[in-house]
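Structure first, commentary second.
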Amino acid sequence: MLVTTKEMFEKAMKEKYAIGAFNVNNMEIIQGIVDAAAECKSPVILQASAGAIKYARIGYLMKMIEAAVEEHPEIPMAIHLDHGPDFETAKMCIDNGFTSVMIDGSKYDFEENVRLTKQVVDYAHSKGVVVEAELGKLAGVEDDVNVDAKDAMYTDPAQAEEFVKRTGCDSLAIAIGTSHGAYKFKGEAKLRFDILKEVKERIPNTPIVLHGASTVIPELVDTCNKYGGSLPGAKGVPDEMLHEASISGVSKINVDTDLRLAMTAGIRKELVEDPSVFDPRKYLGPARELIKETVEHKMRDVFGSSNKI
Ligand code: PH4
Ligand code: ZN
């Protein structure tokens, strides 16, 4: 059934687990994710970025998600706008049936982020839709960035408290050292759990969101590389850290890169192993299966959302 993330997060916060939010761009990705959720009996968030909406077109995305909801009526599913860039995009998604939207004002200064977020919150709440906002910078924390600059990127817990109070947002994405993509850390992976703890102390009732949280699963990277890809030095957030986050107050964990890797690994392997293949079902089918296995692993072994419907 289609639900808002509000109901999902209430249960997740009480029972200390996280819900996976997986980026969708086409049918095989949607089916792989939803089949995994059904197998694990897990709630799931399907999220689309502005880029995904431009690529797949909003009508197609909504109809495919509608089909997924019909196929699995027992699974709580939310449809969420990821990184909404402006009020107009958020409004368009709300008007098209999304159950939650993110407004990403993190590129603006604090006051402008508050203003924009509040504008989206007012419209969304009037339509029964919930809002995720972001505070702090998710830019890759590079080795050569000096300590002061690194500290400026992380979310300031006191500001987070003020931000939530002034905007009325329903959940908050924070920066504690993750970043988007396949190259998150140059050296050892490190997340600022101390900042997460302080944020939770200040806003215990606000669900916290972790972006840029793919593991960059080494087996998938190896398969890509083995079959002609080139992803040297790719590195993500280890499963153990994501598990710790999910029992420490993070309620939503975003995953896109691992799905991209699964899809690419599956397609590369099939095409290289049998160069005579030209039926897309022959390589998209195995790729969809690899996405399903990847999502199942996260729900069951890392996020703890299995059997939580
Ligand atoms: N996201 C995914 C953003 C995808 O414009 P676009 O479709 O490329 O945007 O919000 C994440 O937090 C994913 O994190 P990951 O890269 O670690 O999977
Ligand atoms: Zn993100």
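General observations
- Hey, E7 away from ligand 2 (no atom under 16 Å from the Cβ), more than 17 Å from the chain's Cα centre (by Cα), surrounded by fewer than 18 Cβ atoms within 10 Å (Cβ to Cβ) and modelled with pLDDT under 95 or not: yes
- In the set G177, G187, only one residue is in a loop (DSSP other than H, G, I, E, B), out of contact with any helix residue (DSSP H, G or I) (no Cβ under 7 Å at 6 or more places or on another chain) and crowded, with 18+ Cβ neighbours inside 10 Å; that residue is G177.
- Single match in A48, A124, A36, A68 (criterion: touching a residue at least 12 places away in the same chain (Cβ under 8 Å), at negative phi and not in a helix (DSSP H, G or I)): A48
- Of all residues making up region 2-33, the number that are in contact with a strand residue (DSSP E or B) (Cβ under 7 Å, 6 or more places away or on another chain) and either among the aromatic types (F, W, Y) or in contact (Cβ under 8 Å) with a residue 40 or more places away in the chain (or both): 17
- Checking each residue in region 190-219 for being under 30 Å from E270 (Cβ atoms), within 15 Å of ligand 1 (Cβ to nearest atom) and either without any contact (Cβ under 8 Å) to a residue 12 or more places away in the chain or not small (G, A, S) (or both) picks out T215, V216, I217, P218.
- Members of region 234-250 that are surrounded by 24 or more Cβ atoms within 10 Å (Cβ to Cβ) and in a strand (DSSP E or B): V250
- When region 220-239 is filtered for residues that are within 16 Å of ligand 1 (Cβ to nearest atom) and without any contact (Cβ under 8 Å) to a residue 60 or more places away in the chain, the ones remaining, listed by number, are V221, C224, L231, G233, A234, K235, G236, V237, P238.
- Subset of region 204-233 that is over 16 Å from the mean Cα position of the chain (by Cα) and surrounded by 21 or more Cβ atoms within 10 Å (Cβ to Cβ) - its residue that is farthest from I45 (Cα to Cα): C224
- Applying the set (1) in contact with a Lys or Arg (Cβ under 7 Å, 6 or more places away or on another chain); (2) within 24 Å of S106 (Cβ to Cβ); (3) small (G, A, S) to G229 leaves exactly one unmet item: (2).
- Test: residue in region 209-223 that is touching a Phe, Trp or Tyr at 6+ places or on another chain (Cβ under 7 Å), at pLDDT 95 or above and in a loop (DSSP other than H, G, I, E, B): no
The values are calculated or read from the model by the stated rules, or taken from the named source; none is laboratory data. Only a predicted model underlies this, so the values are computations on that prediction, with no experimental measurement involved. Ideal geometry is used to build each Cβ from the backbone, glycine not excepted, and the neighbour counts take in all protein chains shown.
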